[in-house]
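Here is the structure we will look at.
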Amino acid sequence: MNIQPIRRKERALTEEKALEVMQNALFATISCIAPDGQPYGVTVSHAVENRTIYFHCAMQGFKVDCFAAHPQVCVSAVEQAQTNAPKLTVNYRSAVAFGTVRVAEGEEAAHGMRVIGQKFTPAHMPAVEDCIEKSMGRTRIYAIDIERITGKGNA
């Protein structure tokens, strides 16, 4: 994978900070290639643990078809963005991750749901466990193993 380095080196985040941005962002956009070769992007609610991004979706659908056809993906997320009008710019922290998407199976799927639940509804983990027990047959959990991640910020 030949990815160009960040042009504005002073804005580059460390890999650790880029992973933090990816985890803290409320949503991420996954860019992939559709079965017919066209580009496709979809926004998901996600959670990160170590170097794995988890998200859930239905068992069937266009993104499922895309991931099956071309599992290499790019994920982008913005943790914060605020207009800085006097300086004619935007203050932000963003991250871009590259990796391969795969279906999480069995205990990893349940674990992925727990990671997502812990991020979005930590006070309701018993309800997350109930959802895992009742809905795992109708919900697909995906995992993206991060192969490379970069981040930028403009404070």
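The values are calculated or read from the model by the stated rules, or taken from the named source; none is laboratory data. Owing to the predicted nature of the structure, the values given are computational and were not obtained by experimental measurement. Methodologically, a virtual Cβ is constructed for each residue, glycine included, from the backbone with ideal geometry; neighbour enumeration extends over all protein chains shown. SASA here: full protein model, heavy atoms, side chains in, ligands and nucleic acids out. Shrake-Rupley method; radii C 1.70, N 1.55, O 1.52, S 1.80 Å.
Key figures for this structure:
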read-out: Search result, residues across the stretch 60-74 that are touching a strand residue (DSSP E or B) at 6+ places or on another chain (Cβ under 8 Å) and of a type outside the set (Phe, Trp, Tyr); value: Lys63, Val64, Cys66, Ala69, His70, Pro71, Gln72, Val73, Cys74
read-out: Residue, farthest from Gln118 (Cα to Cα), within the stretch 46-84, restricted to residues that are in a strand (DSSP E or B) and of a type in the set (Asp, Glu); value: Glu79
read-out: Every residue from the stretch 46-90 that is modelled with pLDDT under 95, open to solvent by 40 Å² or more (accessible area, probe 1.4 Å) and among the polar types (S, T, N, Q); value: Asn50, Gln60, Gln80, Gln82, Thr83, Thr89
read-out: Residues of the stretch 26-35 satisfying the condition of being in a strand (DSSP E or B) and either free of Cβ contacts under 8 Å to residues at least 24 places away in the same chain or surrounded by fewer than 19 Cβ atoms within 10 Å (Cβ to Cβ) (or both); value: Thr29, Ser31, Ile33
read-out: Residue in the stretch 121-141 that is without any contact (Cβ under 8 Å) to a residue 12 or more places away in the chain and either hydroxyl-bearing (Ser, Thr, Tyr) or touching a strand residue (DSSP E or B) at 6+ places or on another chain (Cβ under 8 Å) (or both) present; value: yes
read-out: Members of the stretch 36-45 found to be part of a strand (DSSP E or B) and open to solvent by 60 Å² or more (accessible area, probe 1.4 Å), listed by number; value: Pro39, Tyr40, Thr43
read-out: Filter pass, Ile116 being part of a helix (DSSP H, G or I) and in contact (Cβ under 8 Å) with a residue 40 or more places away in the chain; value: yes
read-out: Index of the failed condition, Gln118 passing every other in (1) open to solvent by 70 Å² or more (accessible area, probe 1.4 Å); (2) out of contact with any helix residue (DSSP H, G or I) (no Cβ under 8 Å at 6 or more places or on another chain); value: (2)
read-out: Residues of the stretch 119-147 satisfying the condition of being under 26 Å from Leu13 (Cβ atoms) and either at pLDDT below 95 or assigned to a helix (DSSP H, G or I) (or both); value: Lys119, Phe120, Pro122
